[in-house]
Each structure stands twice: as structure tokens, then as C-alpha cells.
1. Subtract the Cα-Cα distance of residue 38 and residue 203 from 0.36 nm times their separation in residues, and report this length gain in nm to one decimal.
2. Just check the range 98-207 against the gyration tensor rule for me: Cα atoms, a ≥ b ≥ c as the square roots of the eigenvalues, rounded for a/c under 1.5, and otherwise prolate or oblate depending on whether a/b exceeds b/c.
3. Rounded, prolate or oblate, given the Cα gyration tensor of the range 38-81, with a/c below 1.5 counting as rounded?
4. Would you mind checking which residues have amide H under 5 Å from residue 143's amide H? H placed 1.01 Å from N; only 5 or more apart, or other chain.
5. Can you tell me the dipole magnitude for the chain around its Cα centre, using point charges on the Cβ only (Lys, Arg +1; Asp, Glu -1), in Debye to the nearest 20?
6. With unit charges on the beta carbon (Lys/Arg positive, Asp/Glu negative), name the residue among 93, 128, 32 whose Cα is farthest towards the positive pole of the charge dipole of the chain.
7. Where does the chain land at 222 nm, in deg cm²/dmol rounded to the nearest 500, when only DSSP H runs of n ≥ 4 count, each adding -39500 (n - 2.57), divided by all residues?
8. Can you run phi through the Karplus equation (6.51, -1.76, 1.60; θ = phi - 60°) for the range 129-134 and list ³J(HN,Hα) in whole Hz, with x for Gly and Pro?
Amino acid sequence: MTGTVSLPKWENEQALYHTRSEATMQRMNWAHGVLEPAPEIRETARTLGQLDGIFQNASAWRAMDPGIVVYRVQAWCPLVEGVEGGLFWGTTLVEPGQVDSEYFMTHGHFHAKRDRTEYYATLEGEGALILMDESRKTWTEPMTRGSVHFIPPRIAHRVANCGSVPLRCVACWPSDAGHDYEAIRKSGFGAQLLNVNGEPKLVPSRT
Ligand code: M6P
Ligand code: ZN
């Protein structure tokens with residue numbers, strides 16, 4: 001017996017955590033999926049202008065106001081990004097809208113660490129989770145209030161709003177997953193979700 005007391009692992013690793021003690025608790029409005037503002041919550045908005053090359057019809061995209069906000073993200077990252085073993089929590093709000101017949105959607109990404117997974121869950125609105133494997137096979141899962149989605153390893157993911165109100169969802173992902181946007185910027189997804197006679201239809205991408 002040495003008489004020394006080991007600190008719990010969490011405290012030993014304090015440097016990996018953001019410092020405020022309140023950082024282990026936040027509040028979210030579950031009806032709307034909005035996290036209450038706090039210093040630890042990072043808020044970003046993605047405009048049409050920032051989504052160059054993401055929508056299929058480039059001339060329709062160019063003709064629209066680049067300042068239009070397509071989606072907003074709140075991310076709560078209580079650990080330093082890249083630390084193994086932690087979890088991050090986020091909310092995404094995708095506005096209703098289209099570029100030509102293609103629904104407003106998130107940029108989409110693979111995880112930089114390809115074997116990392118994620119949960120998405122829908123709080124409000126109607127849309128689709130668009131998934132793509134590394135061979136570019138692309139499919140969707142319907143997103144409606146209450147749907148919970150497990151995103152398997154090595155699967156790119158993005159969210160499209162097919163309805164007329166904001167699509168609101170929450171996400172939970174590993175703190176060392178990272179985002180690989182490059183693969184999507186380069187070749188996109190294997191199919192685009194289009195409004196065909198009022199119904200969402202997955203149409204193979206033009207190559
Ligand atoms: C979810 C999570 C986040 C992601 C966000 C927006 O909240 O998956 O990690 O950043 O959606 O998606 P994207 O990064 O593809 O724009
Ligand atoms: Zn992800």
C-alpha cells in the first residue's frame with residue numbers, strides 16, 4: 001500500500017477537456033432541437049455561396065442569392081477534437097428550398113477515420129438521410145419526426161429537406177471521427193435527391 005490516491009481518469013485527462021466545469025452539461029429544446037446558447041456551443045451557418053459544386057445544376061445555383069442560408073449547425077464538443085473515446089453532440093437545421101429541382105441539403109462528409117459511426121435523429125420536418133458507400137452506391141432513409149438513424153462505418157452522409165418547414169435533427173458522433181469533405185467536393189454522391197412531380201426521387205448523378 002503506497003497511500004497514494006489515483007485521480008479518476010477523467011481528471012487526469014483534464015487538459016483534453018475544455019475548462020469550464022459547466023462544460024459537462026448543456027440544455028436543448030427537444031421540440032425544436034435547439035441548444036441553448038453557451039460558450040461551448042459552436043454555431044455555424046452554411047450559405048448557398050459556400051456550397052459551390054454541391055448542387056447538380058450549377059447555372060441554377062449561380063443564379064440564386066449566394067447569401068441564402070441553407071443550413072445551420074450547432075456543435076457541442078466538450079473534448080478537444082481528435083481525442084479518442086469521446087462523443088460530440090450537434091443539431092442541424094436544414095431550411096426548406098431547392099436549387100432547380102434538388103432539395104436543400106448539407107454538404108455531406110465521410111468521417112476522416114473511416115471506421116467511425118454516428119447517430120442522427122429527427123425532431124421536426126420531413127427529409128431524407130442520403131448515404132453512400134465507398135463504391136459510390138447511394139441510398140436514402142426517410143427522416144420524419146422520431147426517426148433515429150445509425151450511420152455505419154465507411155458511409156458518407158448528408159441530410160436533405162424535402163418538406164416545406166425546417167428539418168431539424170440531432171447528431172452524436174465520436175470525437176476522433178473528423179470530417180472528410182474533400183472526397184465529396186471532388187466527386188459528390190452517386191445520386192442526387194430531386195423533387196420529381198412533388199415526390200423525392202433519387203436520380204443517379206451526371207458524371
Ligand atoms: C451533423 C453532424 C456534424 C456535421 C453537421 C453538418 O450535425 O454530422 O458533424 O458537421 O451534421 O453536416 P456537414 O458537416 O456535412 O455540413
Ligand atoms: Zn458525420
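1. Net length gain for the segment: 55.3 nm.
2. oblate
3. Because a/c hits 1.5 or more and a/b exceeds b/c, the range 38-81 counts as prolate.
4. Under 5 Å from the amide H of residue 143: 127, 128, 129.
5. Using only the charged Cβ atoms, the result is roughly 360 debye.
6. Going by the Cα projections, it comes out as 128.
7. For the chain, the value works out to -1500 deg cm²/dmol.
8. Whole-Hz 3J(HN,Hα) from phi for the range 129-134: 8, 9, 10, 9, 8, 6.
No lab work stands behind these numbers, since they all come straight from the coordinates. Model, not experiment: these values are computed from the prediction. Every residue, glycine as well, gets a Cβ built from its backbone with ideal geometry; the counts of neighbours run over all protein chains shown.
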